[in-house]
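First comes the structure, then the notes that go with it.
The values are calculated or read from the model by the stated rules, or taken from the named source; none is laboratory data. For clarity, every value in this text was computed on a predicted model and none was experimentally measured. Every residue, glycine among them, receives a Cβ derived from its backbone with ideal geometry; neighbour counts consider all protein chains shown.
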């Protein structure tokens, strides 16, 4: 999501976090290790569910509805008619109880195929300055400069020795100005200067240090007080920093308080008082809340899109000391010399398994750093965005860089499936070129290689995905939350023609998934399903400048790309499990699979139920391994 400051040199999305990279080595790992043995998982119950709607999704069949489902000791025993399920349970000598669904709907557990757990929890104690309400998963009614002033103003009278710290700030979802001639203008942030009050960081907080992290976590905005401390902090500044900024005035002139990427942000993070830093590193409480939120949203499998060795240790340590109410798969950060591929087993997947490795090619489109074939329609520098893996002395490549080609060859040689972040259309072109070279006439389907976000496509690009066997995972919130600003200010016609072509991908027989990239958008597969089915642009504002919450007044972005309910549900269950190398044990209620399922108050496949209400369907219960991990009646 990026900067919207003076320059846009952010190269990633939520897939890496410079705050985490700066602070992770300060963790007391011996304390994290906790108990020597993992907590024992509870035995799954022996039950037959009936008297409701049950969709087992066996073999990806999105239309089959059965009368009953039988489970025992954490696994699915059978689904079908009530008589057949009872007979199967009786044949195996299973003592069971019958449970009435009372007309509710039972589905396989929902899957988030691209999220970030530890990195999302790191700044849980910071002010939430984002435009999206995490509980309702809707845009806040009002999100503008005045909103930031109100939230931050409430903290001005707290401990004066502390910095004011905020995260999730998103200039792209603030009011923008269209231009009949030239470039459109998004809200920009900077400190002091002769600018108007809007965007002036010193007008938010003047006498105390202020640091706000962008929603992508790859741009930091500092007021003058914070910039002063950063520049004078001898323990944070390094020789490279001082060479680039020989005087404080040069530092201010060049950055205007906008710092990007780990290199730029690290001195600022290291200047925050140590007591505030240590508070951020108390991760287990926020992680427990994160996992509870997942269960509350019907999620039984989270797939972390970028796990480094220390965050892996944190996740393992949490599992040693806390109940495991959700399964976790992950892609490890690619590093030379990493261990070679090991196939996922059902036993390994009971809680925590590696399914692939992760690489990043460019930035984010709403942050104006996704790498494009044509310039952005709004003011930004560089005008095409950024590519992350460039040949020496070629910062803006027009053809796939040799360094990128070599990187994919090396990564693929590990044997691990690859998931590669690529947002802009040129970044996607480069990634497909690199995949083609590394695959050397093999199909990517063999390893289920992926492209993450895969935002801007043409029909020719989709044909290439099909030919190479590469599967896309769509951050569908791009349509729901940012679709309007993309369509009107950032991309104009390019958005309606190219953004998240989910239906076209299915037409070419690609297997797709829908993800949140949490915390870029909130956890919520049902919300992703709704946004894929309706493609409503929720970022449209009324005459007062407030977001319009009435779906009847929200325009649709490229109606021809709307998915059916069955297609969207498959993308958050069966095909998401396939992309996450988990389809052998979850994603459907196949006999022998884990008894991972969700019970909903309404049927999201029922055409009489409004599609615009899917995200609001009550999750009554979530079950993992035949054990209830969430109930709406129990909180």
ask   = How many of the residues in the range 205-228 are in contact with a strand residue (DSSP E or B) (Cβ under 9 Å, 6 or more places away or on another chain) and in contact (Cβ under 8 Å) with a residue 40 or more places away in the chain?
value = 16
query = Within the bounds of the range 325-336, is there any residue that is more than 21 Å from the chain's Cα centre (by Cα) and at pLDDT 90 or above?
reply = yes
query = Can you find a residue in the range 562-569 that is in contact with a helix residue (DSSP H, G or I) (Cβ under 6 Å, 6 or more places away or on another chain), buried (at least 19 other Cβ atoms within 10 Å of the Cβ), in a strand (DSSP E or B) and touching a residue at least 40 places away in the same chain (Cβ under 8 Å)?
reply = no
task = Please work out if residue 526 is more than 12 Å from residue 480 (Cα to Cα), in a loop (DSSP other than H, G, I, E, B) and either in contact with a helix residue (DSSP H, G or I) (Cβ under 6 Å, 6 or more places away or on another chain) or touching a residue at least 12 places away in the same chain (Cβ under 8 Å) (or both).
result = no
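Any idea which residue in the range 390-405 is nearest to residue 180 (Cα to Cα), counting only those that are in contact with a helix residue (DSSP H, G or I) (Cβ under 6 Å, 6 or more places away or on another chain) and at pLDDT 95 or above? Working first, answer last.
First pass over the range 390-405, keeping only residues in contact with a helix residue (DSSP H, G or I) (Cβ under 6 Å, 6 or more places away or on another chain): 391, 400, 404-405.
Of the ones still in play, those that are also at pLDDT 95 or above are 400, 404-405.
Numbers: 400: 34, 404: 38, 405: 41 Å.
Top of the filtered list is 400.
Which one is farthest from residue 505 (Cα to Cα) among residues in the range 545-561 that are in a loop (DSSP other than H, G, I, E, B) and in contact with a helix residue (DSSP H, G or I) (Cβ under 8 Å, 6 or more places away or on another chain)? Break it down into steps so the answer makes sense when it comes.
Taking the range 545-561 first, the residues in a loop (DSSP other than H, G, I, E, B) are 545-546, 548-550, 554-555, 557-558.
Filter once more, keeping what is in contact with a helix residue (DSSP H, G or I) (Cβ under 8 Å, 6 or more places away or on another chain): 555, 557-558.
Values: 555: 22, 557: 16, 558: 14 Å.
The selected residue is 555.
Enumerate the helices (runs of 4 or more DSSP H) found wholly within the range 402-490, keeping only those where 3 or more residues are free of Cβ contacts under 8 Å to residues at least 24 places away in the same chain.
402-412
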ask   = Is the range 349-356 home to any residue that is at pLDDT 95 or above and either more than 21 Å from the chain's Cα centre (by Cα) or part of a loop (DSSP other than H, G, I, E, B) (or both)?
value = no
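Could you tell me whether residue 540 is touching a helix residue (DSSP H, G or I) at 6+ places or on another chain (Cβ under 8 Å), in contact (Cβ under 8 Å) with a residue 12 or more places away in the chain and within 20 Å of residue 470 (Cα to Cα)? Spell out the reasoning first.
Numbers: touching a helix residue (DSSP H, G or I) at 6+ places or on another chain (Cβ under 8 Å): yes; in contact (Cβ under 8 Å) with a residue 12 or more places away in the chain: yes; within 20 Å of residue 470 (Cα to Cα): no.
For residue 540, the condition - touching a helix residue (DSSP H, G or I) at 6+ places or on another chain (Cβ under 8 Å), in contact (Cβ under 8 Å) with a residue 12 or more places away in the chain and within 20 Å of residue 470 (Cα to Cα) - is not met.
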request  = Pull up the range 37-77, narrow it to residues that are in contact with a helix residue (DSSP H, G or I) (Cβ under 8 Å, 6 or more places away or on another chain), closer than 30 Å to residue 316 by Cβ and surrounded by fewer than 18 Cβ atoms within 10 Å (Cβ to Cβ), then point me to the one that is modelled with the lowest pLDDT.
outcome  = 37
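Scan the range 310-337 for residues that are surrounded by fewer than 18 Cβ atoms within 10 Å (Cβ to Cβ) and part of a loop (DSSP other than H, G, I, E, B) and jot them down. Break it down into steps so the answer makes sense when it comes.
Narrowing the range 310-337 to residues surrounded by fewer than 18 Cβ atoms within 10 Å (Cβ to Cβ): 310, 312-313, 316, 319-323, 335-337.
Matches in the range 310-337: 322, 323, 335, 336, 337.
Give me the strands (runs of 3 or more DSSP E) completely within the range 58-111, filtered to those with at least 1 residues that are closer than 26 Å to residue 571 by Cβ and in contact with a strand residue (DSSP E or B) (Cβ under 7 Å, 6 or more places away or on another chain), ordered by residue number. Spell out the reasoning first.
On the way: elements: 66-72, 75-80, 97-100, 105-108.
Result: 66-72, 75-80, 105-108.
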